[in-house]
Amino acid sequence: MKQPGGDVEVERFAAEIAPKGKGYLAVRRCPPDELAHVLEREAGALFSAGARRVYAASTDPGAPLHEGKLGRCRLTHVHDMLLLRRELGEARPGPGGLAVLEPLRPAEGEAWLKIHNEGFFDVPNSATYGPEELETCLDEDHDCGFFLFEGKAVGVYELALAGQEPEIEGIALRPGFRGRGLGRELLLSAMDRLAELGFQSCFLRVASSNMPALRLYRESGFAEEQIHSKWFEVTVEHG
């Protein structure tokens, strides 16, 4: 939910409160002398809505967030969202043929959502998907589907194709199928899919605290290009 007001623009994300107890704030525009008040107000709204934890980031270069006190708010840095990129030329590693990708069909939407939300539940900054997100995943700018292993759907993939360079927006395995090398197989299969579609490179975003995923991406040839955003846990002191 956007909360505009004069020179202030803040996006408040409350959708993760019910499933995870987490609320998120993204400061898009804010005068520096109003930042403490805005952060306290918006975080307070999320806590009042039932959030047990609130996280915030600022994309306004004139009003960055830093660890420490800001008015009555205390900010604790939790992770950075990193942007990683990789070429899709012939030198890239290929999947081992252990599993296959199966495109998503509308009739399979509920099953896809179930595996997606199960696979991403504990991932930092992940979103719980519902009918609205499913509709987006089925549009022409996305390539989404299941990851099949021994004939069973054990994971999902989501590729955003709009623009000249695609994004691996999400890959996830069901918890019981992790630790078998299938995450690497899923990633390489997604890269294969993008190469088949004619793309020369791709990018993705990952939290610096998500060490298993970050290690997988680095080992698969992805290079960190920039910090997309810095995230802080917000607590509000009263009295």
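The values are calculated or read from the model by the stated rules, or taken from the named source; none is laboratory data. Keep in mind it's a predicted model, so treat the numbers as computed, not measured. Heads up, the Cβs are rebuilt from the backbone with ideal geometry, glycines too, and the neighbour counts pull from every protein chain shown.
Among the residues in the stretch 215-228, are any closer than 27 Å to Cys73 by Cα, in contact with a strand residue (DSSP E or B) (Cβ under 7 Å, 6 or more places away or on another chain) and either among the hydroxyl-bearing types (Ser, Thr, Tyr) or part of a loop (DSSP other than H, G, I, E, B) (or both)? No, the stretch 215-228 has no match at all.
Starting from residues that are among the basic types (Lys, Arg) and not assigned by TED's automatic domain parsing to the domain that holds Glu140, keep the ones in the stretch 191-229 and report whichever is surrounded by the fewest Cβ atoms within 10 Å (Cβ to Cβ).
Filtering the stretch 191-229 down to residues among the basic types (Lys, Arg) leaves 193, 205, 215, 218.
When the remaining residues are screened for being not assigned by TED's automatic domain parsing to the domain that holds Glu140, the result is 205, 215, 218.
Details: Arg205: 15, Arg215: 10, Arg218: 13.
Applying the filter and picking the extreme gives Arg215.
So that you can scan it fast, the table gives a plain yes or no per residue for (1) assigned to a loop (DSSP other than H, G, I, E, B); (2) in contact with a strand residue (DSSP E or B) (Cβ under 6 Å, 6 or more places away or on another chain); (3) aromatic (Phe, Trp, Tyr); (4) free of Cβ contacts under 8 Å to residues at least 12 places away in the same chain:
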| residue | (1), (2), (3), (4) |
| --- | --- |
| Arg74 | no, yes, no, no |
| Gly89 | yes, no, no, no |
| Gly96 | yes, no, no, no |
| Val100 | no, yes, no, no |
| Glu110 | no, no, no, yes |
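If we scan the stretch 174-187, do we find a residue that is surrounded by fewer than 16 Cβ atoms within 10 Å (Cβ to Cβ), closer than 23 Å to Glu135 by Cβ, in the same structural domain as Pro95 (by TED's automatic domain parsing) and not hydroxyl-bearing (Ser, Thr, Tyr)? No: the stretch 174-187 contains no residue that is surrounded by fewer than 16 Cβ atoms within 10 Å (Cβ to Cβ), closer than 23 Å to Glu135 by Cβ, in the same structural domain as Pro95 (by TED's automatic domain parsing) and not hydroxyl-bearing (Ser, Thr, Tyr). Quick one: is Ala57 farther than 24 Å from Arg180 by Cβ and either assigned to a strand (DSSP E or B) or of a type in the set (Phe, Trp, Tyr) (or both)? Criteria met by Ala57.
Checked against (1) of a type in the set (A, V, I, L, M, F, W, C); (2) over 12 Å from Phe232 (Cα atoms); (3) crowded, with 18+ Cβ neighbours inside 10 Å, Ala36 meets all criteria but (3). For the residues Leu65, Leu46, the requirement of being in contact with a Gly (Cβ under 6 Å, 6 or more places away or on another chain) and more than 15 Å from Glu237 (Cβ to Cβ) singles out Leu46.
Checking Arg184, Arg205, Arg180 one by one, the residue that is out of contact with any Pro (no Cβ under 6 Å at 6 or more places or on another chain) and either in a helix (DSSP H, G or I) or among the aromatic types (Phe, Trp, Tyr) (or both) is Arg184 and no other. Residue count for the stretch 89-122 satisfying the condition of being within 17 Å of the chain's Cα centre (by Cα) and modelled with pLDDT under 95: 1.
Before we move on, is Arg205 basic (Lys, Arg) and within 26 Å of Val78 (Cβ to Cβ)? Don't jump to the end; show me each part of the working.
Values: basic (Lys, Arg): yes; within 26 Å of Val78 (Cβ to Cβ): yes.
So Arg205 fits the description; yes.
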